[in-house]
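What follows is a set of notes on a single structure, which appears directly below.
The values are calculated or read from the model by the stated rules, or taken from the named source; none is laboratory data. Because the structure is predicted, anything quoted here is derived from the model rather than measured. Positions of Cβ are backbone-derived with ideal geometry, glycine not excepted, and every protein chain shown enters the neighbour counts.
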Amino acid sequence: MLVFCCFFLSSSVLLAQEKKTVSGVVTDAKGAPLSGVTVQEQGSQKMTLSDANGKFSLQVSRNAALVLTY
């Protein structure tokens, strides 16, 4: 199943390390929201799940890559 993500980035500085809050909506190929998708920072234990509307928000390190698992 093809999964699309729209990401909206905003920057914030915490504890002298640059972090970003990545948020978006996970949808299928037809644009329907997907709930329960795991969104994880690659190489990290930081993760969250998309909600019933496909929305998620996760604070990650600068230049992080995300891994989505459904």
Residues of segment 18-62 being free of Cβ contacts under 8 Å to residues at least 24 places away in the same chain and either touching a Lys or Arg at 6+ places or on another chain (Cβ under 9 Å) or of a type in the set (S, T, N, Q) (or both), in sequence order, are 33, 35, 44, 45, 48
Qualifying residue in segment 14-23 (condition: in contact with a strand residue (DSSP E or B) (Cβ under 9 Å, 6 or more places away or on another chain), modelled with pLDDT of 95 or more and in a loop (DSSP other than H, G, I, E, B))
no
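Name the residue that is modelled with the highest pLDDT, counting only residues in segment 47-70 that are hydrophobic (A, V, I, L, M, F, W, C), part of a loop (DSSP other than H, G, I, E, B) and loosely packed, with under 15 Cβ neighbours inside 10 Å. Don't jump to the end; show me each part of the working.
First, pick out the residues of segment 47-70 that are hydrophobic (A, V, I, L, M, F, W, C): 47, 49, 52, 56, 58, 60, 64-68.
Restricting the remaining residues to those that are part of a loop (DSSP other than H, G, I, E, B) gives 52, 64-65.
Subsequent filtering for residues that are loosely packed, with under 15 Cβ neighbours inside 10 Å retains 52, 65.
Details: 52: 98, 65: 95.
Filtering first and then ranking leaves 52.
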Would you pick out the residues in segment 30-46 that are under 14 Å from residue 68 (Cβ atoms), exposed (fewer than 15 other Cβ atoms within 10 Å of the Cβ) and of a type in the set (A, V, I, L, M)?
none
